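**Student:** I have a structure here, written as structure tokens, and I will follow up with some questions on it.
FYI, it's all coordinate maths here, none of it is from the lab. The structure presented is a predicted model; accordingly, all values stated were derived computationally and were not measured. Cβ placement follows ideal geometry from the backbone for every residue including glycine, while neighbour counts extend to all protein chains displayed.
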Amino acid sequence: MIRFTSFQFRIQAAIAVGVLVLVAIVVAITGPHLIHLYDTTVANCKAKGDCSSAKAALSSSDSFLQTALGELLLVVPALIGLFWGAPLIAREFETGTFRLVWTQSVTRMRWLAVKLGIIGLTSMAVAGLASLMVSWWFSPIDKVNVSQFTSFDERGIVAIGYAAFALAFGVTAGLLIRRTLPAMFATLVAFVGARLAVTYWVRPHLMAPVKTAIPLHVIFGTSLEQNSATGLVFFEPVNIPNAWIYSNEVANNSGHAPSAKFLESACHSLLSAPSGGVQSNTPTPNPNSGFPECFARVAAKFHQVVIYQPASRYWAFQWYETAIFVGLAVILAGFCFWWVRRRLV
Amino acid sequence: MIEFQLETASGVATYLQIVQQVHQALRLGLLEPGDQLPTAQQVVAKLAINPNTVLKAYRDLEREGLVRPRPGQGTFVIASLSHTDPATQARLLASMTTWLRSAHSAGLGPDDIEAIYRTAFRNHFAEGVA
Amino acid sequence: MTAALETSGLGKQYGQKWALHDCTLAIPEGKVVGLVGPNGAGKSTLLNLAVGLLAPTSGTIEVLGGRPSDGPSQLGGIGFVAQDTPTYEGMSVAKHLRMGAWLNPHWDSELAERRIKQLGLDPLQKAGALSGGQRAQLALVLALAKKPEILILDEPVASLDPLARREFLQTLMEVVAEHGVSVVLSSHLIADLERVCDYLVVLVASHVQLSGDVSALLVSHYHLSGPRRKRSTLPANQEVIEESHTDKQSVFMVRSDDPIIDPAWIVKPVTLDDLVLGYMRQAREAEPHGRPDLGVLR
């Protein structure tokens, strides 16, 4: 059965190897250049004083490849589900070959076990290798962007879980629907749905975030802004590298944001200044702009409240999310075994 | 080796047709003692009939004493049905010709002669057929 | 003699309809069994139950003394050719034989290769490019080379031209003569079954109408014609299967364990054809809607 499965799977495996080799070549050719760029421009940018421009340059280089390689990680698990998972059993039903192969001297359970085993392990390996290569390629850029949680699903080990789930769902859909195209469609919908659901409804609640109060500082982006919906707001950007920021607010000890009235009076001179309005985009504001007084009055009563996941928890999240998707895959596989053995028709 | 034909529309059972064809072949001298009959496998590969049918026919022939199976080798003819030698055939032909001449001179036409012949034939073979 | 296939009250229900109902059979080993009936009668259902591709809703079925698809040895004892002889289109003939070798412990590759050569099939040709008759022959070789004790064939010749049909049956009978396998063969063509079967099962409207040894059946059924009379005037030991009347004459097909000695009758033997048609008509009359229950299982 192992040899038969390998034979039947040979073309799909060859395509996967081809894609991985292609990715490896692209990564191997273009990766070192990014490392070089980092080493020469960003590594000693503090001494040269051009950090923000050096970082911006690195962060925006090879933008096509950035998109392509990032998307690759999103797309590979879905393709696995659609093209390796959905047709696995559905095709046998569609062509009637289940009547041929399930009456050989191999039980249906063993047939499924070997198929899921070989294709499952291959899927996870493919996703894992792709993720490894892409994560390596992005490492200089990630060092500059320090926002590892925004590229969470395009790095690390989660792709392995996504691939396992997509495959298992595809096989299940094919088993129940018995036709390849509808099963592929159902798999796509379920995969996208599950990913969105986990990303927005499950991941944020996997661990209770940390809440911290920081005194206000004037940094790049500290500003008084006119918001069309809520009127005047005072904004302080967050500077916790690689953390996952849930919320960032300016509040007093009772948790209230500064009211528009307060801000109008506290920042009166800034608001009435003829030059350019409300924002202060330099760390050292023009002393005549009215901003320092505005800031001082706000900072006296208010501080910054940030709710976030610390950077150190990144790998915990990666393991949890992978475990969730692998767990779902195992449940689906278990269902398939049960169905194939007991029910079938 | 003899090859059997099957007439599906004849109303005669298949195994009987095989028996009859063996009898015919024996009578005509196409099969002689020592000849081998085709194996059941060979017959069914040509005719697409149940092998048991062939085996039943061969068993009947064996009971009639015409064939005997040799284990591991096949079924072989052991007797002959051809009772007439050329001299006997000539003698019988001459006596029949004499009878025909006398029937004809008695005024019987071909149809009458045939009717008498068929009656005599039926009467003779109806009594004590094996 | 152990039964090749034995069922007891076997039934298969889909929603409200029974594809097969209350089916009780005991088919002996070493026979070529013809399973005949109109489309939708339940033949495919019965055979799929026998190979474990379906699970019964009620009753039991045993093949070669074991439950279908119980394990590798049970699966190995049965050679199955499904309706429309499915094959892997993209796989060559030779690769199908390799599949057989990989998936069957008792595979006889020498037999398989010899038969493929005898049939004149090109080993490198993809199964999708074979004709219907060639595919049927390939499927039969696959079923045979695993050395089963019973062959179960679901309408294997239904969509074949007459020559291909004849060649398939020739191969099948040759195999039976050589290896002594039991065969269960379903068809809605009586002519093919007449040549090869020595045991008959008639299935109409999901029920077994008739089953038994062909020679015993032919000997116990008679075709009676004579002056017109009512069915009820026949003796109790003559079960009427079929009747038809004109104003002067009556014709009956009856089943009787005793010989018919009434001099008023002209008694003729029945052919297998008459027998099957008679029982099929009898079933159709008993069936209130007058048509079979279910379409063919896909």
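**Student:** Apply the a/c threshold of 1.5 to the C-alpha gyration tensor of the stretch C:120-188 and tell me whether it is rounded, prolate or oblate.
**Tutor:** Judged from the Cα gyration tensor, the stretch C:120-188 comes out oblate (a/c at least 1.5, b/c at or above a/b).
**Student:** Further, regarding this structure: Could you give the distance between the Cα centres of the stretch A:162-234 and the stretch C:216-253, to the whole Å?
**Tutor:** Each part reduced to its Cα centre gives a spacing of 80 Å.
**Student:** A further question on this structure: Spelling out what I want: for every residue of the stretch A:226-233, take phi, set θ = phi - 60°, compute 6.51 cos²θ - 1.76 cosθ + 1.60 (Karplus), and round to whole Hz; glycine and proline get x.
**Tutor:** Residue by residue, the stretch A:226-233 yields 9, 9, 4, 8, 10, x, 6, 9 Hz.
**Student:** Most mobile of A:Pro182, A:Pro140, A:Pro77 per a Gaussian network model of chain A (Cα springs, under 10 Å)?
**Tutor:** Maximum among the listed residues: A:Pro182.
**Student:** Each label point is 7 Å from the Cα along the Cα-to-Cβ direction; what then is the distance between the points at A:Ile25 and C:Ser159, in nm?
**Tutor:** 4.3 nm
**Student:** How big is chain C by Rg and Dmax over its Cα atoms, in Å?
**Tutor:** Cα-based Rg and Dmax for chain C come out at 21.1, 68 Å.
**Student:** Pull up the DSSP beta bridges for the stretch C:3-215 and report the antiparallel fraction as a percent, rounded to 5.
**Tutor:** 55 percent
**Student:** Over chain A, what is the relative contact order in whole percent, taking alpha-carbon pairs under 8 Å and six or more residues apart? Let's see the in-between values first.
**Tutor:** Values: 457 pairs, mean separation 71.7, N = 345.
Contact order relative to length: 21 percent.
**Student:** Could you work out the local net charge near C:Val63, counting Lys and Arg as +1, Asp and Glu as -1, over the other residues with Cβ closer than 12 Å to its Cβ?
**Tutor:** Summing Lys and Arg as +1 and Asp and Glu as -1 gives -4.
**Student:** Before rounding to the nearest 500, sum -39500 (n - 2.57) across all DSSP H runs of length at least 4 in chain A and divide by the residue total; then give [θ] at 222 nm in deg cm²/dmol.
**Tutor:** Working: 13 runs with 204 residues, N = 345.
After summing the helix terms and dividing by residue count, I get -19500 deg cm²/dmol.
**Student:** Now for a different question. Using the number of other C-beta atoms within 10 angstrom as an exposure proxy, rank A:Arg341, A:Arg297, B:Arg101 with the fewest first.
**Tutor:** Working: A:Arg341 14, A:Arg297 17, B:Arg101 10.
So the ranking, lowest neighbour count to highest, is B:Arg101, A:Arg341, A:Arg297.
**Student:** Now a separate question. When only Cα pairs under 8 Å and 6 or more residues apart are kept, what is the percent relative contact order across chain B? Please list the in-between numbers first.
**Tutor:** Values: 106 pairs, mean separation 28.9, N = 130.
Relative contact order comes out at 22 percent.
**Student:** Indicate the gyration tensor shape class of the stretch C:216-286 (rounded, prolate or oblate), computed on the Cα atoms with a ≥ b ≥ c the square roots of the eigenvalues: a/c under 1.5 is rounded; otherwise a/b larger than b/c is prolate and the rest oblate.
**Tutor:** Oblate, since a/c reaches 1.5 and b/c is not below a/b.
**Student:** Let me ask another. In whole percent, what relative contact order does chain C give with Cα contacts below 8 Å and a gap of six or more residues?
**Tutor:** Numbers: 597 pairs, mean separation 64.3, N = 298.
Reported relative contact order: 22 percent.
**Student:** Follow-up question, since we're still on this one. For each of C:Ile116, C:Ile152, count neighbouring Cβ atoms within 10 Å of the residue's Cβ, then give the residues from fewest to most.
**Tutor:** Ascending Cβ contact count within 10 Å gives the list C:Ile116, C:Ile152.
**Student:** Mind jotting down a quarter of the surface of the convex hull over the alpha carbons of chain B, in square nanometres, one decimal?
**Tutor:** Taking a quarter of the hull surface, the average projection is 10.4 nm².
**Student:** Within the protein assembly as shown, which cysteines find no other Cys whose Cβ is under 4.7 angstrom from their own?
**Tutor:** A:Cys336, C:Cys23, C:Cys197, each lacking another Cys Cβ under 4.7 Å.
**Student:** Given a 10 angstrom Cα cut-off, can you work out which residue in A:Leu232, A:Leu129, A:Leu37 is the most mobile in a GNM of chain A?
**Tutor:** Checking each option, the largest mean-square fluctuation is seen for A:Leu232.
**Student:** Just to confirm a number: summing +1 for Lys and Arg and -1 for Asp and Glu over residues other than B:Gln36 whose beta-carbon lies under 15 angstrom from that of B:Gln36, what do you get?
**Tutor:** On the way: positive: B:Arg68, B:Arg70; negative: B:Glu3, B:Glu32, B:Asp35, B:Glu62.
In short, -2.
**Student:** Can you tell me the equivalent ellipsoid semi-axes for the protein assembly as shown? Use √(5λ) from the Cα gyration tensor, largest first, whole Å.
**Tutor:** Whole-Å semi-axes of the equivalent ellipsoid: 90, 30, 19.
**Student:** Just the Kirkwood number for the stretch C:42-167, please: inverse of mean 1/r across all distinct Cα pairs, in Å, one decimal.
**Tutor:** In the stretch C:42-167 this quantity evaluates to 15.2 Å.
**Student:** May I ask you to evaluate 6.51 cos²θ - 1.76 cosθ + 1.60, the Karplus curve with θ = phi - 60°, for each residue of the stretch B:27-41 and list the ³J(HN,Hα) values in order in whole Hz, giving x for glycine and proline?
**Tutor:** So the Karplus estimates, Gly and Pro as x, are 5, 7, x, 6, 10, 10, x, x, 6, 9, 7, x, 5, 3, 4 Hz.
**Student:** Can you give me the orientation-averaged projected area of the convex hull built on the Cα atoms of chain A, in nm²?
**Tutor:** 22.3 nm²
**Student:** Hey, what angle do you get for helix C:162-179 against the long axis of chain C, alpha-carbon based, 0 to 90 degrees rounded to 10?
**Tutor:** Long axis of C:162-179 versus the principal axis of chain C: about 80 degrees.
**Student:** Once you have a ≥ b ≥ c as the square roots of the Cα gyration tensor eigenvalues for the stretch B:86-127, tell me rounded if a/c is under 1.5, and otherwise prolate or oblate according to whether a/b is larger than b/c.
**Tutor:** Oblate, since a/c reaches 1.5 and b/c is not below a/b.
**Student:** Here is the link list: C:Lys31/C:Lys126; B:Lys56/C:Lys95; B:Lys46/C:Lys95. Which ones come out longer than 31 Å on Cα distance? Intermediate results must be reported in sequence, preceding the final value.
**Tutor:** Working: C:Lys31/C:Lys126 34 Å; B:Lys56/C:Lys95 41 Å; B:Lys46/C:Lys95 29 Å.
Flagged as over cut-off: C:Lys31/C:Lys126; B:Lys56/C:Lys95.
**Student:** A further question on this structure: From the phi of every residue in the stretch A:19-36, what ³J(HN,Hα) in whole Hz does the Karplus formula 6.51 cos²θ - 1.76 cosθ + 1.60 yield, where θ is phi - 60° and glycine or proline is x?
**Tutor:** Each residue's phi maps through the Karplus curve to give 5, 4, 5, 4, 4, 4, 5, 4, 5, 5, 7, 9, x, x, 5, 5, 4, 4 Hz.
**Student:** Separate question: In the protein assembly as shown, what % of DSSP beta bridges are antiparallel (nearest 5)?
**Tutor:** On the way: 61 of 79 bridges.
Looking only at bridges with both residues in the protein assembly as shown, the antiparallel portion is about 75 percent.
**Student:** Report the FRET efficiency, 1/(1 + (r/R0)^6), for B:Thr88 and C:Lys248, where r is their Cβ-Cβ distance and R0 is 56 Å, rounded to 0.05.
**Tutor:** Given R0 = 56 Å and the Cβ-Cβ separation, E is 0.55.
**Student:** Given the options C:His188, C:His223, C:His245, state which has the largest fluctuation in a GNM of chain C using a 10 Å cut-off (strictly under) for Cα springs.
**Tutor:** Fluctuation is largest for C:His245.
**Student:** If you add up the charges near A:Arg203, with Lys and Arg at +1 and Asp and Glu at -1, over every other residue whose beta carbon is less than 13 angstrom from its beta carbon, what do you get?
**Tutor:** 0
**Student:** Further question on the same structure: Can you pull the Kirkwood radius for the stretch A:81-227, inverse mean 1/r over Cα pairs, to one decimal in Å?
**Tutor:** Result for the stretch A:81-227 stands at 18.6 Å.
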